[in-house]
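Structure record follows, encoded as structure tokens.
The values are calculated or read from the model by the stated rules, or taken from the named source; none is laboratory data. Quantities reported herein were computed from a predicted structural model and do not represent experimental measurements. So basically every Cβ, Gly included, is an ideal-geometry build from the backbone, and we count neighbours across all protein chains shown. For the accessible areas, the whole protein counts, side chains as well, though only heavy atoms, and no ligand, DNA or RNA atoms are used. Shrake-Rupley method; radii C 1.70, N 1.55, O 1.52, S 1.80 Å.
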Amino acid sequence: ITPWRVVYGECRTGGAFTFLKTMSNNAYLCQVITVSGDELTSIKELMFDDQTVPFTDDGGGAFTITGRYASHAKLRFGPGVAGAYETAFNSELTTDTDSAWSATHKQEGRGKIYLRLYYHVDTYPQGVPNATVVLQGKKVYDPRTATTAWHHNPALCLADYLTNTYYGIGCTYATEIDEDSLIAAANICDEMVDVVNESD
């Protein structure tokens, strides 16, 4: 229904509705919004239209929504680990939808959120809100630390794209990426730059 999106760094984005179901005589709207065609790192912020929805991260992909929407919205996060069945995410969704979402609906390797809205005319006066999230995207390899983790460094993100065999160029890291040059570029990208206001 839409091209896969690959997210590097941090950004605000929506996604594709890959599951929709109403429950309890339309009191609940259950939505799975697939936001990435690759694994994500974390959800930093949820927004309904242009309003931030406050929450606390309970860990394991569960969040407690606070404030105005505390009793009228539920948020769960599935990072989309390749080859891994995300039990907590899928089990809760299966329970909430009376098994309309089942064990065959895996979405392995796809970053997604599960959003359940409870209808309340004062909470949602304009109807169903447009939900977007601020997220930290794909984990990338950093040769300076020999670790793979989230990073917004452009050089590391570019190297990840160049070596990706699914949607990237498919370069072989050992023979086609000059690691010394990559490390030098990554270090430059991490440097702080002084900005001078010429009007002062």
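Assorted remarks:
- Packing here is the average count of other Cβ atoms within 10 Å per residue, and on that basis the peptides 174-182, 28-36, 110-118, highest first, run 110-118, 28-36, 174-182.
- Three-way shape call for region 103-143 based on the alpha-carbon gyration tensor, with the a/c threshold at 1.5: oblate
- Counted charge near Ser71, where neighbours are those whose Cβ lies closer than 15 Å (Asp, Glu -1; Lys, Arg +1): +2
- Kirkwood hydrodynamic radius over Cα pairs of region 99-200, then Stokes diffusion coefficient at 4 °C and 1.567 mPa s, in µm²/s: 71
- Accessible surface of the chain, 1.4 Å probe, proportion on carbon and sulfur as whole %: 52
- Among residues other than Leu93 with Cβ under 12 Å from its Cβ, the summed charge is +2 (Lys and Arg +1, Asp and Glu -1).
- Filter on Lys21/Lys44; Lys74/Lys139; Lys74/Lys112; Lys21/Lys106; Lys44/Lys112 - keep pairs with C-alpha separation over 21 Å: Lys21/Lys44; Lys74/Lys139
- Averaged over residues, the count of other Cβ atoms within 10 Å places the peptides 8-15, 44-51 in the sequence 8-15, 44-51, highest first.
- For the chain: Kirkwood Rh in Å [reciprocal of mean 1/r, alpha carbons]: 18.8
- For the chain, the longest principal axis of the alpha carbon atoms and the long axis of helix 179-190 meet at an angle near 60°.
- For the chain, the per residue solvent-accessible surface stands at 56 Å², with DNA, RNA and ligands left out and a 1.4 Å probe.
- Cβ-based net charge around Cys171, under 14 Å, with every Lys or Arg adding one and every Asp or Glu removing one: -4
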